[in-house]
Amino acid sequence: MAKKKLWFKAKKYGYGWYPVSKEGWAVVSLFIIAITILAVIGGVLLFIGTPIFIIILFIISSRRGEKASWRWGNKK
């Protein structure tokens, strides 16, 4: 079984991921563009769309990245 290419790596401190490939950066860029468009449109779409886009980003990050857990530096 081939090892899948990671788009996101787990953060060294705290919880979460950061992009490490062009695919990961593309996903984050699309997220920022989508939130910016919602902010320009404003209104109810901003309050409905933002949580939806955050959930989508979280799902993509968890599926295409390392397993995230609370970290505080290097493991001993």
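Numbers at a glance
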quantity	calculated
Which label in (1) 11.5; (2) 6.3; (3) 5.8 gives the computed mean projected area of the Cα convex hull in nm²	(2)
Lysine-lysine proximity count for the chain, Cα under 18 Å, sequence distance 8 or more or distinct chains	18
Sorted by Cβ neighbour density within 10 Å, fewest at the top, the residues Phe8, Phe31	Phe31, Phe8
Calculated from backbone phi, Karplus (6.51, -1.76, 1.60) coupling profile of segment 9-19 in Hz, x at Gly/Pro	10, 5, 5, 6, 10, x, 10, x, 9, 9, x
Sorted by Cβ neighbour density within 10 Å, fewest at the top, the residues Ser21, Ser29	Ser29, Ser21
For the chain, calculated [θ]222 nm from helices alone, where every DSSP H run of n ≥ 4 adds -39500 (n - 2.57)	-18500 deg cm²/dmol
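Readers should treat all values here as calculations from the given coordinates under stated rules, not as data from a laboratory. These numbers come from a predicted model, not from an experiment. Note that we place each Cβ from the backbone using ideal geometry, even for glycine, and neighbour counts take in every protein chain shown.
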